[in-house]
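A short worksheet on the structure shown next.
The values are calculated or read from the model by the stated rules, or taken from the named source; none is laboratory data. Here the structure is a predicted model, which is why all the values come from computation and not from measurement. Positions of Cβ are backbone-derived with ideal geometry, glycine not excepted, and every protein chain shown enters the neighbour counts. Only protein heavy atoms, including side chains, enter the accessible area calculation; ligands, DNA and RNA are left aside. Shrake-Rupley method; radii C 1.70, N 1.55, O 1.52, S 1.80 Å.
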Amino acid sequence: MVFRKLPGVSASGMGLRLSQKFVFLLFLSGLVTLCFGALFFLPDSVRLKRIFLSKTEVQPVTVGSGSENDVREHLKRPKEPEHTRGMTPGKGETKSRKPPVSNEATEERLAGGKAQEDLTLSMSKADALTERVFDADQEANSDTFNFKKFQGCLLKPALGRDSGSTADPKTNDRREKVKEMMKFAWDNYKRYAWGKNELRPLTKNGHLGNMFGGLRGASIVDSLDTLYIMGLMDEYNDAKEWVQTSLDLNSNGEASLFEVNIRYVGGLLSAYYLTGEELFRNKALELGEKLLPAFNTPTGIPRGVINLGSGTSWSWGWASAGSSILAEFGTLHLEFVHLTELSNNPVFKEKVMNIRKLLNKIEKPHGLYPNFLSPVSGNWVQHHVSIGGLGDSFYEYLIKSYLMSDKTDEEAKKMYYGALEAIEANLVQKSPGGLTYMAEWRGGILDHKMGHLACFSGGMIGIGADDGAPEKRQHYLDLAAEITHTCHESYTRSTTRLGPEAFRFDSGAEATANRLSDRYYILRPEVIESYMYMWRLTHDPKYRDWGWEAVEALEQHCRVESGFSGIRDVYTLTASHDNMQQSFFLSETLKYLYLLFSDDDLLSLEDWVFNTEAHPLPIIRKSCLQDEVTEEKTVSE
Ligand code: DMJ
C-alpha cells in the first residue's frame, strides 16, 4: 500500500501523529464515559443529574388492577440475600438498597404496624426536588393565624370545666391511677433515656432506632399533650424546654413519612392548639416543609421513606413493586390540612387533596381499597385489603376529615360511607360462636384473622354512626359495639387479659392467636381507644370496667422496675418482656385510658378529632374563624 506523502511529513512521522490522535480520542471518550458514570454517584437533588437522567430513571412498574398475574410472579421470585438485594437493578426493575438497620428496626416497624416483611428500601426513581415552600409573602401571611379567635370558636374549653374530673369518686381514683402510670413511664424515660426516642425499661437505657430519620425525642413530642391534659405541668415544661433547645429538625437520615407525620407533626400541632405556644407551630411547619419532597412522584402519591436532609424519597423495599402503602399515604390528611390552616400556605392541603383525587378516580375492586398502590402508574399493585395494618388509618382519616371540616367535606363523607359499605359486604363476618369480626381480603379470598390494629375500627364506626344514612345509624352503632366486644374477648381469652397482636376465627379458634408469632402485646392502644369512644357515645359503664381491666393487666404484666414494657406472649404468666416502652404508650394508650375515666368535656368530641397517634386536632369552624363579629369571643378555661 502506497502512502501519499504529505508535504514536510515523513511516513513514520505521519504514523506517529495518527497514533497520537488515536490515543487522544481514546482518552477523550474515556473522559466522557467517566463523566456520565460519575452522574450516578451524584446526590439525586443535583441539577445535572436531573437533566441527564430524569427520563431514563423513571421506569414503568408492571402493576394495575388487571395484572395480578404479573404481581404474583413478582411475589414468587426468590428473595436475594439481604446484603445484595436489589443493589444492581436490571432494566425495568426497582432499585433498592439496604438501609443501615439492625434487628431492632423490625420491632419498630412492627410497632408502627406497617412492616410485614423486610426492611429493604427501594430507591425512588422520581426526582426529589427540594421545594422551598415559603416565599417572603407567605412567611408574612403565616403570622395571620389568630389563636385567641380560634379559642373563641371552640364550643367548650379544651380542658373542660374542671380539667375533666368526674363526680364519681371511684372513676376519679381510676383516673388518678392512670395519671400515676403516666408519671412513672415519663420519669423513667427522663431518667434513663432523655432525648432518645424510646425507653428500654429493662436495660435502663435509651433507644434511637431509625424510623424517624435521625429525629430524636419521639417520646417527648408524643407526650406533650398527654402531660398537659393530665396537669403534669413540671413534666410538660421540661418537655417544652427540650423541644425549644434540643429538637433539631436538620437531621439527614431516612424517615418513615407516616411515622414522622403522625407522631412529630401531629404531636407538635396538638401541643400548639392546646397551649398557643408559637414554638410548636413553627416547628410543625418547619418539619411539614421537609416532608413535601416525598410527594414529587409522577402521580403525587408520596413514597414511604424520605431523607429529611436531601429530600430524596424511597418506597419500602418490602412493599411489592415499589408501591406506596394505603395506610401511610392515606394518613396525612388531618395534619396537612392543619399545616395549611396555620401557615396560610395552600401547598400542604393541595398535596393531600391530590391523593384524594387519584383515589376517587381509580377503579376499586368491589368498592374496596387495596393496600398497595404504585406512585408511578397510580394503579393498585395487589388486591390485599385490610382494616388492620397497611390499611387501617386510611379509613379512620376519611371520617375524621369529614368531622374535622365541621361536616363540610362531603367528598370525604361519601368516600367513607362507600368504603364502609364495601367493608360490610366483603369483610365483616360472624364467627360460629357469634363474634363479629373484620376478616382480611386477598383477591376475593378471606383470611379469617383480625389484627389488634384493626380493633380501632369499633371506635371509628362508632364516631361515624350519627352521620350515616338515617336508617343505618343504629346499625352502625351496633356494629361498633359488636367489634369492640370481640376485641374485648380477645383480651379476656388470654391468660394475661391483654390481647395478642392478631387473633383468628378458623381451625377452632375464636378470637385467639394460634401462631406463636402472633401472641405478643406491645402496649398498643387500639382496643382501649374503642372503649373510650364507645363510652363517650353510649355511657355504658361496661366500657369503663373493661378499661380498668386493662389497667390492672398492664400493671401486673407490663410494669417493670423502670417503666412499662411489651410482652412476648399474652398466653403465659411467665413474663418475657420485650424491653421497649413504645412512645405510643404515652401518647395513645395512657391518654385514651385517662379520657375514659374523665368527663366528656375534656377534649370534647364536639371540638376535637384525634389523629391516629391520639393527638387532638381541632375541628375547623371556617365560618366562625372568618366572622369578624365573633372576634375575641372568650372561652373561660
Ligand atoms: C400507632 O403509632 C398508631 O396508632 C398507628 O396508627 C398504628 N400503630 C401505632 C399503635 O399501635
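Please state the charge dipole magnitude for region 398-462, taken about the Cα centre, from unit charges on C-beta atoms (+1 on K and R, -1 on D and E), reported in debye and rounded to the nearest 20.
Rounded to the nearest 20 debye, it is 180 debye.
Taking only the alpha-carbon positions of region 576-623 and ignoring solvent, what does the Debye formula give for the base-10 log of I(q)/I(0) at q = 0.18, 0.19, 0.28 Å⁻¹?
Debye output, listed in q order: -0.64, -0.68, -1.08.
Residues of region 582-607 with amide nitrogen under 16 Å from the 7 Å Cα-to-Cβ point of residue 466?
Only 600-607 pass the distance filter.
What relative contact order, as a whole-number percentage, does region 355-496 give when Cα pairs under 8 Å and 6 or more residues apart are counted?
19 percent.
Separation between the residue 176 and residue 517 pseudo-spin-labels, each 7 Å from Cα along Cα→Cβ, expressed in nm?
Going from the residue 176 label point to the residue 517 one covers 4.7 nm.
Lys and Arg at +1, Asp and Glu at -1: add these up for the other residues within a Cβ distance under 9 Å of residue 412 and post the number.
Around residue 412, the surrounding residues sum to +1.
If the viscosity is 0.692 mPa s and the temperature 37 °C, what translational diffusion coefficient in µm²/s does Stokes-Einstein give for region 523-637 when Rh comes from Kirkwood over Cα pairs?
It diffuses with D of about 201 µm²/s by this estimate.
Which part of region 381-406 falls in the paramagnetic zone of residue 414, meaning amide N under 15 Å from the point 7 Å along Cα-to-beta-carbon?
It comes to 402, nothing else.
Could you tell me what fraction of 2.2 N^0.38 Å the Cα radius of gyration of region 518-557 comes to, as a two-decimal ratio?
With N residues counted in region 518-557, Rg over 2.2 N^0.38 Å equals 1.24.
To the nearest 20 Debye, how big is the dipole of region 339-435 about its Cα centre, given +1 on the beta carbon of each Lys and Arg and -1 on that of each Asp and Glu?
Around 140 debye, computed over region 339-435.
How far apart, in nm, are the 7 Å Cα→Cβ label points at residue 560 and residue 357?
5.0 nm
Give the Rg (one decimal place) followed by the Dmax (whole number) of region 412-473, computed from C-alpha coordinates and expressed in Å.
12.4, 35
Per the Debye formula with a single identical scatterer at each Cα and no solvent contribution, what log10 I(q)/I(0) holds for region 224-319 at q = 0.18, 0.22, 0.23 Å⁻¹?
Normalising to I(0) and taking log10 leaves -0.82, -1.06, -1.12.
How large a share of the accessible area of region 406-539, in percent, is made up of carbon and sulfur atoms when the probe is 1.4 Å and the other protein chains stay in place?
49 percent
For region 170-278, what does the accessible surface come to per residue with a 1.4 Å probe? Please give it in Å².
32 Å²
Quote to one decimal, in nm, the extra length available between residue 429 and residue 628 on full extension: 0.36 nm per residue of separation minus the C-alpha distance between them.
That pair, residue 429 and residue 628, stretches by 66.5 nm at full extension.
Taking all protein chains as present, what is the carbon and sulfur share of the accessible area of region 221-293, in % to the nearest whole number, probe 1.4 Å?
C and S fraction of accessible area: 36 percent.
Run the quick spin-label model on residue 183 and residue 542: label points 7 Å from Cα toward the beta carbon, then report their separation in nm to one decimal.
Reported label-point gap for residue 183 and residue 542 is 3.4 nm.
Given Cα positions, please report Rg to Rh for region 432-572, the hydrodynamic radius being the Kirkwood one.
On the Cα set of region 432-572, Rg over Rh gives 0.99.
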